[in-house]
2 protein chains.
Amino acid sequence: MKFAFHLPVNLLFGNGVIEEIGVRAAAYSRKAVIVTGRGSTKKSGLLDRVLSLLEKAGVESAVYDKVAPNPTTDAISECTALVKAEKAGLVIGLGGGSMMDAAKASAFMAKNSGDLMDYVYGRTVSTEALPIILVPTTCGTGSEGNGFAVITDPKTGDKKSLRGPMIIAKLSIIDPELMKTMPRSVLASVGFDALCHAMEAYISAAATPLTDIMALEGMRLVSENLIPLYRGTGDGEAWENVTWASTLGGMVIGVAGVTAPHGIEHPPSGIRNIQHGRGLAALTPVITDRTIAGIGAGTSARAREKYAVISRCLGGKNEKDCTASIKRFLQEIDLVMTLGEQGIKSEDVDWLAENALKVSAAGIANHPVVFGLEEIKQIYRDAL
Amino acid sequence: MKFAFHLPVNLLFGNGVIEEIGVRAAAYSRKAVIVTGRGSTKKSGLLDRVLSLLEKAGVESAVYDKVAPNPTTDAISECTALVKAEKAGLVIGLGGGSMMDAAKASAFMAKNSGDLMDYVYGRTVSTEALPIILVPTTCGTGSEGNGFAVITDPKTGDKKSLRGPMIIAKLSIIDPELMKTMPRSVLASVGFDALCHAMEAYISAAATPLTDIMALEGMRLVSENLIPLYRGTGDGEAWENVTWASTLGGMVIGVAGVTAPHGIEHPPSGIRNIQHGRGLAALTPVITDRTIAGIGAGTSARAREKYAVISRCLGGKNEKDCTASIKRFLQEIDLVMTLGEQGIKSEDVDWLAENALKVSAAGIANHPVVFGLEEIKQIYRDAL
């Protein structure tokens with residue numbers, strides 16, 4: 001085995017830890033911009049609570065509250081302008097993955113000039129960003145555990161990550177109690193995303209011995225706790241477990257990367273603004289089936305073994321029933337769906353497949369079976 | 001559960017990765033001081049190999065080769081003077097735990113003034129240190145995976161850690177092939193140290209869900225691989241596994257701390273220069289036995305459960321045979337021994353116990369049963 005491991009996260013986890021945000025923020029700056037969405041953190045009262053905690057600690061704050069799901073380069077430009085105008089020394093992302101990713105990208109652009117997509121595509125490079133504090137309110141993205149910020153360019157439909165240790169949060173405040181206001185359908189979608197992160201990092205060509213044990217733990221925790229929470233029978237410990245699994249999922253993809261399902265899901269949500277977890281629900285069974293059928297004998301025994309482990313974690317027996325195990329899990333959380341139901345049409349397939357190879361080359365290369373253009377088209381068709 | 005996790009290590013692991021040291025070092029400085037011991041890295045040819053790799057990459061280097069086991073404040077002063085005289089921008093620790101710890105402490109003192117022990121005791125605080133690269137040649141200490149540097153003050157006999165993220169290596173180059181030159185007796189001693197790190201972090205009051213899974217993996221890997229290596233029947237994979245377990249052990253204590261065995265072992269090795277792993281071999285069974293007997297019913301069910309897990313990992317059944325499982329493991333690696341055999345006398349006991357409470361308060365407080373002065377004296381007597 002040969003591997004590298006570098007993931008300088010700083011996690012504070014537990015019920016009620018949100019109370020610490022004021023004093024923790026004050027350690028970085030006296031002026032913060034809070035990046036959040038249009039609705040849920042207002043309805044739940046969280047935004048007001050955070051504003052008051054910051055004020056008590058002597059941290060002035062401005063709010064950028066226009067982040068929508070699948071945040072765009074336009075939103076980042078607007079938010080960055082606010083961060084600069086306010087001369088903020090800290091960016092706080094408050095909400096789901098979209099809000100956290102927008103916070104990360106804005107903290108980055110506040111210290112850099114030019115076009116964000118040039119940094120996303122690695123045409124321009126910088127290691128500078130403002131300090132970031134992240135507070136997740138959904139348990140799926142795991143953005144609080146890595147240096148990724150997924151951004152969509154509305155001009156091209158490209159949905160792709162800005163990446164680097166400079167956008168790893170200086171502090172992630174992960175409070176399981178903040179998850180409890182999520183609607184059930186959102187919980188199902190983000191919870192499945194967390195499961196996918198763990199599964200994909202586990203089968204990734206860039207997997208490491210450390211991410212493997214973390215991914216296994218993430219899978220186990222989602223597998224044992226998401227369904228009771230979805231049914232309304234889960235307790236506080238179940239919320240803690242799924243929340244922690246989500247952060248673990250973010251951490252493992254931060255080191256081992258994602259594979260084909262995430263790679264192939266980005267184009268549909270880039271052009272049709274699909275909810276990421278629902279896109280994954282449509283694609284993951286199709287891709288898993290095709291992968292297991294396509295794994296060569298001998299050389300890829302390890303990948304086959306790993307699919308067997310995933311299957312057993314979801315109640316199956318071996319790699320042969322892995323797809324069925326995933327489908328059964330999706331059924332339990334009412335997430336059996338197609339891309340067609342989410343607005344994707346057969347005439348989109350060519351663009352989607354070409355775009356997948358453009359925006360997700362790394363994820364596709366990490367997959368146990370490396371799919372070419374025609375195979376990716378077929379995957380989209382099978383998932384329609 | 002409530003916890004914090006921050007461990008910004010940067011690991012490069014694998015057979016042959018030592019070849020990268022030149023280019024990696026060049027990223028930090030053109031001038032390095034290599035901190036190593038008197039013998040083994042010279043005999044094995046490793047020091048010459050590293051010097052040549054650095055030279056090829058355009059990194060000038062000076063060598064401080066006077067570090068002995070249980071490095072002293074005097075050695076650190078001498079080494080720091082060399083680092084300053086050479087105007088080195090990088091300190092490379094090459095060897096076992098003592099050499100790595102000396103490198104860390106010297107990199108720290110090169111950027112700070114005053115008395116090292118003031119920093120060790122937290123009377124003076126600094127977050128500055130020169131960049132550090134660590135290359136372990138023993139698989140036990142795990143110093144490459146944390147921000148601890150254990151230093152002995154010969155004036156007082158105090159053996160205690162300098163601690164902080166500033167002395168976490170910017171890069172740890174962990175090459176399992178470098179372990180193969182260790183004498184068998186050293187392998188037994190350092191391998192048991194690695195096992196103790198995992199066991200102690202696992203039972204620590206500061207344990208976290210992430211350190212728990214890492215500690216379990218560390219225990220499993222030492223338990224399955226150390227004995228075959230000690231017998232000479234282990235293969236390359238066994239070397240990789242024990243080496244990785246050692247780094248994991250360093251990482252978990254870096255977050256969750258050590259408990260009573262490490263805490264109580266420091267005073268004997270502080271005054272009698274005992275090999276750390278051998279001191280642990282004398283003390284761990286005694287402490288484990290007393291702890292399990294002393295765990296109260298009800299409140300400490302979790303600690304009891306954890307000792308059962310440790311016991312099963314070592315071939316036992318439950319917490320009741322945990323001490324026997326540890327003893328059996330020690331027997332297999334010829335490490336059944338007493339403190340008396342290592343030069344500790346009954347008249348030392350009072351000083352040892354008082355010193356343990358002085359230098360190891362944190363470790364003793366992390367233990368599932370918090371021992372007072374009289375109990376610690378009895379532990380030393382039982383281990384004589």
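On the given criteria, is B:K104 crowded, with 24+ Cβ neighbours inside 10 Å and more than 14 Å from chain A (Cβ to nearest Cβ)? Don't jump to the end; show me each part of the working.
Numbers: crowded, with 24+ Cβ neighbours inside 10 Å: yes; more than 14 Å from chain A (Cβ to nearest Cβ): yes.
It is true that B:K104 is crowded, with 24+ Cβ neighbours inside 10 Å and more than 14 Å from chain A (Cβ to nearest Cβ).
Somewhere in the range A:51-62, is a residue loosely packed, with under 15 Cβ neighbours inside 10 Å, touching a Gly at 6+ places or on another chain (Cβ under 7 Å) and over 23 Å from A:G147 (Cβ atoms)?
Checking the range A:51-62: at least one residue is loosely packed, with under 15 Cβ neighbours inside 10 Å, touching a Gly at 6+ places or on another chain (Cβ under 7 Å) and over 23 Å from A:G147 (Cβ atoms).
In the range A:46-61, is there at least one residue being aliphatic (A, V, I, L, M), part of a loop (DSSP other than H, G, I, E, B) and within 14 Å of another protein chain (Cβ to nearest Cβ)?
Taking every residue of the range A:46-61 in turn, none turns out to be aliphatic (A, V, I, L, M), part of a loop (DSSP other than H, G, I, E, B) and within 14 Å of another protein chain (Cβ to nearest Cβ).
Matching residues to (1) among the hydrophobic types (A, V, I, L, M, F, W, C); (2) in contact with a helix residue (DSSP H, G or I) (Cβ under 8 Å, 6 or more places away or on another chain); (3) outside the structural domain of A:P154 (by TED's automatic domain parsing):
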| residue | (1), (2), (3) |
| --- | --- |
| A:G45 | no, no, no |
| A:L51 | yes, no, no |
| A:A57 | yes, yes, no |
| A:A68 | yes, yes, no |
| A:E78 | no, no, no |
| A:A85 | yes, no, no |
| A:L94 | yes, yes, no |
| A:G97 | no, yes, no |
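If you scan the range B:102-117, which residues turn out to be among the acidic types (D, E) and in contact (Cβ under 8 Å) with a residue 60 or more places away in the chain? Step through it out loud before you land on a result.
Pass one, the range B:102-117, residues among the acidic types (D, E): B:115.
Within the range B:102-117, no residue meets the criteria.
Specify the residue that is farthest from A:F192 (Cα to Cα); the eligible residues are those in the range A:289-342 that are in contact (Cβ under 8 Å) with a residue 24 or more places away in the chain and among the hydroxyl-bearing types (S, T, Y).
Across the range A:289-342, the extreme among qualifying residues is A:S300.
Specify the residue that is surrounded by the fewest Cβ atoms within 10 Å (Cβ to Cβ); the eligible residues are those in the range A:201-215 that are more than 14 Å from chain B (Cβ to nearest Cβ) and small (G, A, S).
Applying the filter and picking the extreme gives A:A205.
Residue-wise test of (1) aromatic (F, W, Y); (2) at pLDDT 95 or above; (3) within 20 Å of the chain's Cα centre (by Cα).
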residue	(1), (2), (3)
A:A4	no, yes, no
A:L11	no, yes, yes
A:V17	no, yes, no
A:E20	no, yes, no
A:A25	no, yes, no
A:K31	no, yes, no
A:V35	no, yes, yes
A:K42	no, no, no
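Please work out if B:S346 is in contact with a strand residue (DSSP E or B) (Cβ under 9 Å, 6 or more places away or on another chain), of a type in the set (S, T, Y) and in contact (Cβ under 8 Å) with a residue 24 or more places away in the chain.
On the way: in contact with a strand residue (DSSP E or B) (Cβ under 9 Å, 6 or more places away or on another chain): no; of a type in the set (S, T, Y): yes; in contact (Cβ under 8 Å) with a residue 24 or more places away in the chain: yes.
Judged against the criteria, B:S346 is not a match.
For the range A:90-104, state whether one or more residues are farther than 27 Å from B:F3 by Cβ and charged (D, E, K, R).
No.
This table checks each residue for (1) surrounded by fewer than 24 Cβ atoms within 10 Å (Cβ to Cβ); (2) of a type outside the set (G, A, S).
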{"site": "B:K87", "(1), (2)": "yes, yes"}
{"site": "B:G93", "(1), (2)": "no, no"}
{"site": "B:F108", "(1), (2)": "no, yes"}
{"site": "B:L116", "(1), (2)": "yes, yes"}
{"site": "B:V120", "(1), (2)": "yes, yes"}
{"site": "B:A129", "(1), (2)": "no, no"}
{"site": "B:G142", "(1), (2)": "no, no"}
{"site": "B:N146", "(1), (2)": "no, yes"}
{"site": "B:A149", "(1), (2)": "no, no"}
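For A:I168, only one of the following conditions fails: (1) of a type in the set (V, I, T); (2) farther than 28 Å from A:D118 by Cβ; (3) in contact with a Pro (Cβ under 7 Å, 6 or more places away or on another chain). What is its number?
So the condition that A:I168 fails would be (2).
For the range B:24-45, give me each residue that is in contact (Cβ under 8 Å) with a residue 12 or more places away in the chain and within 14 Å of another protein chain (Cβ to nearest Cβ). Reasoning before the result, please.
The first filter runs over the range B:24-45 and keeps only residues in contact (Cβ under 8 Å) with a residue 12 or more places away in the chain, leaving B:24-26, B:28-38, B:40-44.
Result: B:R24, single match.
Would you mind telling me which numbered condition in (1) touching a Leu at 6+ places or on another chain (Cβ under 6 Å); (2) surrounded by 18 or more Cβ atoms within 10 Å (Cβ to Cβ) B:G340 fails?
(2)
Only one residue in B:V222, B:V242, B:V258 is β-branched (V, I, T), without any contact (Cβ under 8 Å) to a residue 60 or more places away in the chain and closer than 23 Å to B:L7 by Cα. Which one?
Values: B:V242 fails: without any contact (Cβ under 8 Å) to a residue 60 or more places away in the chain; B:V258 fails: without any contact (Cβ under 8 Å) to a residue 60 or more places away in the chain.
After applying the criteria, what remains is B:V222.
Residue check, A:I213 against (1) closer than 20 Å to A:Q331 by Cβ; (2) free of Cβ contacts under 8 Å to residues at least 24 places away in the same chain, all met but one. Which one?
The number of the failed condition is (1).
Residue under question is A:G93, and the condition is that it be farther than 28 Å from A:L187 by Cβ and either touching a residue at least 24 places away in the same chain (Cβ under 8 Å) or assigned to a loop (DSSP other than H, G, I, E, B) (or both); does it hold?
Values: farther than 28 Å from A:L187 by Cβ: no; either touching a residue at least 24 places away in the same chain (Cβ under 8 Å) or assigned to a loop (DSSP other than H, G, I, E, B) (or both): yes.
Against the criterion (farther than 28 Å from A:L187 by Cβ and either touching a residue at least 24 places away in the same chain (Cβ under 8 Å) or assigned to a loop (DSSP other than H, G, I, E, B) (or both)), A:G93 does not qualify.
Please count how many residues of the range A:176-194 are buried (at least 24 other Cβ atoms within 10 Å of the Cβ) and more than 25 Å from A:T259 (Cβ to Cβ).
2
Scan the range A:228-286 for residues that are in contact with a Leu (Cβ under 7 Å, 6 or more places away or on another chain), closer than 21 Å to A:M214 by Cα and among the small types (G, A, S) and jot them down.
A:A238, A:A245, A:G254
Of all residues in the range A:197-256, count the ones that are in contact with a Phe, Trp or Tyr (Cβ under 7 Å, 6 or more places away or on another chain) and among the acidic types (D, E).
Result for the range A:197-256: 1.
Which count do you get for residues in the range B:3-23 that are within 11 Å of another protein chain (Cβ to nearest Cβ) and either among the acidic types (D, E) or under 30 Å from A:L171 (Cβ atoms) (or both)?
Residues of the range B:3-23 within 11 Å of another protein chain (Cβ to nearest Cβ): B:3-17, B:20.
Subset that is either among the acidic types (D, E) or under 30 Å from A:L171 (Cβ atoms) (or both): B:3-13, B:20.
Qualifying residue count, the range B:3-23: 12.
Considering every residue within the range B:240-251, establish whether at least one is within 13 Å of chain A (Cβ to nearest Cβ) and charged (D, E, K, R).
Within the range B:240-251, one or more residues are within 13 Å of chain A (Cβ to nearest Cβ) and charged (D, E, K, R).
State yes or no: is B:L335 aliphatic (A, V, I, L, M), out of contact with any Ser or Thr (no Cβ under 9 Å at 6 or more places or on another chain) and assigned by TED's automatic domain parsing to the domain that holds B:E354? Break it down stepwise before answering.
Details: aliphatic (A, V, I, L, M): yes; out of contact with any Ser or Thr (no Cβ under 9 Å at 6 or more places or on another chain): no; assigned by TED's automatic domain parsing to the domain that holds B:E354: yes.
Judged against the criteria, B:L335 is not a match.
Which of the residues that make up the range A:132-145 are of a type outside the set (G, A, S) and over 22 Å from A:S29 (Cα atoms)?
Across the range A:132-145, the qualifying residues are A:T137, A:T138, A:C139, A:T141.
Scan (1) free of Cβ contacts under 8 Å to residues at least 60 places away in the same chain; (2) closer than 30 Å to A:R304 by Cβ; (3) surrounded by fewer than 24 Cβ atoms within 10 Å (Cβ to Cβ); (4) touching a Leu at 6+ places or on another chain (Cβ under 8 Å) for the single condition A:A198 breaks and write down its number.
(3)
The values are calculated or read from the model by the stated rules, or taken from the named source; none is laboratory data. The shown structure was predicted, so the numbers you read here are calculated from the model rather than taken from an experiment. Note that each Cβ is placed from the backbone with ideal geometry, even for glycine, and that neighbours are counted across all protein chains shown.
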